[in-house]
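The values are calculated or read from the model by the stated rules, or taken from the named source; none is laboratory data. This structure is a prediction, so every number in the text was calculated from the model and none was measured. We place every Cβ from the backbone using ideal geometry, glycine too, and count neighbours over all the protein chains shown.
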Amino acid sequence: MVVGSSVRFEALYRAHAGVVRAYALRRTAGGAADDVVAEVFLVAWRRLDEIPDDPVPWLLGVARRVLANMRRGASRKAALEGKLMAHHPVSALAPSVADRDDRVARCLNSLGEPDREALLLVAWDGLTLVQAARVLGVRSGTFKVRLHRARRRFAAALAAQDAGDSDPVDQARTMEALR
């Protein structure tokens, strides 16, 4: 039965995925259209026995509902973000703030990936030392040392920027000396 179902599903997909994608593209962006097609055919796989002989209207009806769910999800997300912004101040290292404060972004980008990760896990993601250590798969004492060193390097990068140290070679030497 599964082999017959998979053959029927593959034939359904080959014959109608383009129609479903075109329908979705007229109503949303390209990446989201691909997500709609995937979701529609996931529903089709689960309900393969319920698909009528003329599947296009049924598939487009599913696509319509998938798009509606996506719109509702996007509006819920926007509402939640609005509530969070109203009740919780943005962290000093949140992307929108880092984008506005080019100085912070440049300093973060000058750090190595391990330092950036340690700083962002605590400052941006709001994790405790124990939680951040768990994310990285290290002991909390090890993470505490990494975080301390990352903070020192970040402070040195800020100080170098404030001092007008625009020579990237000098900045690299300063950062390497702190490692």
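Within the set Pro52, Pro89, the sole residue that is outside any helix (DSSP H, G or I), at pLDDT below 80 and either assigned by TED's automatic domain parsing to the domain that holds Gln161 or not hydrophobic (A, V, I, L, M, F, W, C) (or both) turns out to be Pro89. The set of residues from segment 23-37 being surrounded by 14 or more Cβ atoms within 10 Å (Cβ to Cβ) and assigned to a helix (DSSP H, G or I) comprises Tyr23, Ala24, Leu25, Ala32, Ala33, Asp34, Asp35, Val36, Val37.
Within segment 66-80, if we keep just the residues that are at pLDDT below 90 and of a type outside the set (Gly, Ala, Ser), the residue that is farthest from Ala32 (Cα to Cα) turns out to be Leu80.
Picking from residues in segment 94-125 that are under 17 Å from the mean Cα position of the chain (by Cα) and not in a helix (DSSP H, G or I), the one that is modelled with the lowest pLDDT is Ala94.
A Cβ distance below 8 Å, combined with a sequence gap of six or more or placement on separate chains, defines the contacts here; from segment 137-159, residues that are in contact (Cβ under 8 Å) with a residue 24 or more places away in the chain reach residues that are loosely packed, with under 14 Cβ neighbours inside 10 Å and part of a helix (DSSP H, G or I) in the pairs Arg146/Pro114; Ala150/Pro114; Leu158/Arg103.
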